[in-house]
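Read the structure below first, then the notes.
The values are calculated or read from the model by the stated rules, or taken from the named source; none is laboratory data. Because the structure is predicted, anything quoted here is derived from the model rather than measured. Ideal geometry is used to build each Cβ from the backbone, glycine not excepted, and the neighbour counts take in all protein chains shown.
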Amino acid sequence: MSKALDGVRILDFTHVQSGPTCTQLLAWFGADVIKVERAGEGDATRGQLRDIPDVDSLYFTMLNHNKRSVTLDTKKPKGKEVLEKLIKTCDVLVENFAPGALDRMGFTWERIQELNPRMIVASVKGFGPGPYEDCKVYENVAQCAGGSASTTGFDDGPPMVTGAQIGDSGTGLHLALGIIAALYQRNSTGRGQKVLAAMQDSVLNLCRVKLRDQQRLEQTGVMKEYPQYPDQHFGDAVPRAGNASGGGQPGSILKCKGWETDPNAYIYFITQGAVWPAVCKVIGEESWITDEAYATPAARLLHLKPIFARIEQWTMTKDKFEAMDILNKYDIPCGPILSMKEIAEEPALRATGTIVEVDHPTRGKYLTVGNPIKLSDSSTDVTRSPLLGEHTEEVMAQLGYSKDQIAALREEHVI
Ligand code: COA
């Protein structure tokens, strides 16, 4: 089967998480991704959070599948020559260096354009143009600067970062989309272009509903679906909403049987208006179907805390999967709080290729998250991440270097 991005060649100058998630996706869609790393150390994540001594970490392997690895010192003149050849033969250069690093290496946008006017240069940076544009940024900085931390957590606690890597992997996704759009536009213009995904912007994009709420708050002074309503005070900025749904259908995380000992014995329960009578029947409060205090969504907003407390009395009598089975029969939207252990063992996720077991020559078998985007005419085969410099000779030969030239470059520590 052909792949969506067959024939697209990516010069992957990315490291850590944000950039590698982008190029991994492109590789899964069929692009030839050549990851350029420094000899000796390579991407810093190869050695970070190691669980097995001297073996590429899971951090690295899970972000760099389906790529080829080339070692190259791009600060040495001969290394720059190799990089120039790569720029001439690739379609996209993806990088997430600290601001200015590519320019300092001598590869400005203008220089890259001279070498290959069709090249798309795609960058992740922490911030877009403005006061912080020169800052180095990691995940949690982006979560804080993008509006996620101030709106996550409980009202009586500090701002919270979330475990979902919306700053890194989220920005990688945004960048991948920008690259695909630029490749598409190149079909008609023949020109490359710069693609920038700033981590602050990407996090803010994912927090779009909170900017919506900021303006609603300014307009009305209250937000009735927030847990602060009706008893507590609203300030002038969107408050932290705990586990409230944040949408038009109130929801909450509720305890299930076993919560005393199992930290994940919980269910997310949404009291969607359409199924309110069913909710009342399930929990044994049929009078609430017609009771004026509960009968309409607007009336219920005044009583969400006691409503969820009563539903929780019911959920605490069931384990989360039993509760799911019962609630699904009535089309009541709900979801179990799944631990990573449960997710790793979930057969349905294995069957769809969302969780994949991969074999690695030095690590052995490990689990990874496969391609979450399924294309019906471009299937994804997840292959292991490359060892450091595993494809250096192969790629150098493709660039026209002879065996002797490759050996000489190795002697000089260029590759
Ligand atoms: N050969 C020679 N030099 C290389 C090289 C290679 N193959 N690959 C990288 N380098 C050099 C860079 O040119 C840079 O040199 P310089 O500082 O002299 O210009 C140096 O390695 C370090 O790169 P840098 O990006 O500054 O790494 P860092 O470890 O200091 O910072 C980040 C890491 C993530 C903070 C930073 O890269 C960053 O802010 N990136 C943008 C935002 C981002 O993606 N953050 C999320 C990471 S998950």
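What number of residues in region 72-111 are part of a loop (DSSP other than H, G, I, E, B), of a type in the set (Lys, Arg) and near the ligand (Cβ under 7 Å from one of its atoms)? Steps first, please.
The first filter runs over region 72-111 and keeps only residues part of a loop (DSSP other than H, G, I, E, B), leaving 72-76, 90-91, 96-100, 105-108.
From what is left, the residues that are of a type in the set (Lys, Arg) are 75-76.
From what is left, the residues that are near the ligand (Cβ under 7 Å from one of its atoms) are 75.
Residues flagged as part of a loop (DSSP other than H, G, I, E, B), of a type in the set (Lys, Arg) and near the ligand (Cβ under 7 Å from one of its atoms) within region 72-111 amount to 1.
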message: Restricting to region 133-148, count the residues that are within 16 Å of the ligand (Cβ to nearest atom) and closer than 20 Å to residue 217 by Cα.
response: 2
message: Being under 29 Å from residue 75 (Cα atoms), buried (at least 18 other Cβ atoms within 10 Å of the Cβ) and free of Cβ contacts under 8 Å to residues at least 40 places away in the same chain: is that true of residue 97 here?
response: no
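Consider residue 171 carefully, then state whether it is near the ligand (Cβ under 8 Å from one of its atoms), under 26 Å from the mean Cα position of the chain (by Cα) and at pLDDT 95 or above. Walk me through how you get there before you give the answer.
Values: near the ligand (Cβ under 8 Å from one of its atoms): yes; under 26 Å from the mean Cα position of the chain (by Cα): yes; at pLDDT 95 or above: yes.
Against the criterion (near the ligand (Cβ under 8 Å from one of its atoms), under 26 Å from the mean Cα position of the chain (by Cα) and at pLDDT 95 or above), residue 171 qualifies.
Across region 112-132, what is the number of residues that are in a loop (DSSP other than H, G, I, E, B) and within 14 Å of the ligand (Cβ to nearest atom)? Even if it seems obvious, please write down each step before you answer.
Taking region 112-132 first, the residues in a loop (DSSP other than H, G, I, E, B) are 116-119, 126-132.
Pick out the ones that are also within 14 Å of the ligand (Cβ to nearest atom) and you get 126-128, 132.
Summing the residues that are in a loop (DSSP other than H, G, I, E, B) and within 14 Å of the ligand (Cβ to nearest atom) in region 112-132 gives 4.
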- request: Could you list, in sequence order, all residues of region 294-342 that are small (Gly, Ala, Ser) and either over 22 Å from residue 263 (Cα atoms) or modelled with pLDDT under 95 (or both)?
  value: 295, 298, 299
Residue match in region 208-217 (condition: within 16 Å of the ligand (Cβ to nearest atom), under 17 Å from residue 241 (Cα atoms) and at pLDDT 95 or above): no
query: Which condition number in (1) within 12 Å of the ligand (Cβ to nearest atom); (2) in contact with an Asp or Glu (Cβ under 7 Å, 6 or more places away or on another chain) is the one that residue 58 fails?
result: (1)
query: Any chance region 182-192 includes a residue that's away from the ligand (no atom under 15 Å from the Cβ), surrounded by 18 or more Cβ atoms within 10 Å (Cβ to Cβ) and assigned to a loop (DSSP other than H, G, I, E, B)?
result: yes
query: If you go through region 385-394 one residue at a time, do you hit one that is in a strand (DSSP E or B) and over 22 Å from residue 256 (Cβ atoms)?
result: no
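Among the candidates 204, 211, 177, single out the residue that is closer than 30 Å to residue 9 by Cβ, of a type in the set (A, V, I, L, M, F, W, C) and either assigned to a helix (DSSP H, G or I) or touching a His at 6+ places or on another chain (Cβ under 8 Å) (or both).
Numbers: 204 fails: closer than 30 Å to residue 9 by Cβ; 211 fails: closer than 30 Å to residue 9 by Cβ.
177 is the lone residue from the list that is closer than 30 Å to residue 9 by Cβ, of a type in the set (A, V, I, L, M, F, W, C) and either assigned to a helix (DSSP H, G or I) or touching a His at 6+ places or on another chain (Cβ under 8 Å) (or both).
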task: Look at region 12-30 and say how many of its residues are β-branched (Val, Ile, Thr) and more than 10 Å from the ligand (Cβ to nearest atom).
output: 1
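Assess whether residue 147 counts as being in a loop (DSSP other than H, G, I, E, B), buried (at least 19 other Cβ atoms within 10 Å of the Cβ) and on the phi > 0 side of the Ramachandran plot.
Considered against the rule, which asks whether it is in a loop (DSSP other than H, G, I, E, B), buried (at least 19 other Cβ atoms within 10 Å of the Cβ) and on the phi > 0 side of the Ramachandran plot, residue 147 comes out as yes.
Any idea which of 276, 314 is under 22 Å from residue 230 (Cα atoms) and either in contact with a Cys (Cβ under 8 Å, 6 or more places away or on another chain) or part of a helix (DSSP H, G or I) (or both)?
Working: 314 fails: under 22 Å from residue 230 (Cα atoms).
After applying the criteria, what remains is 276.
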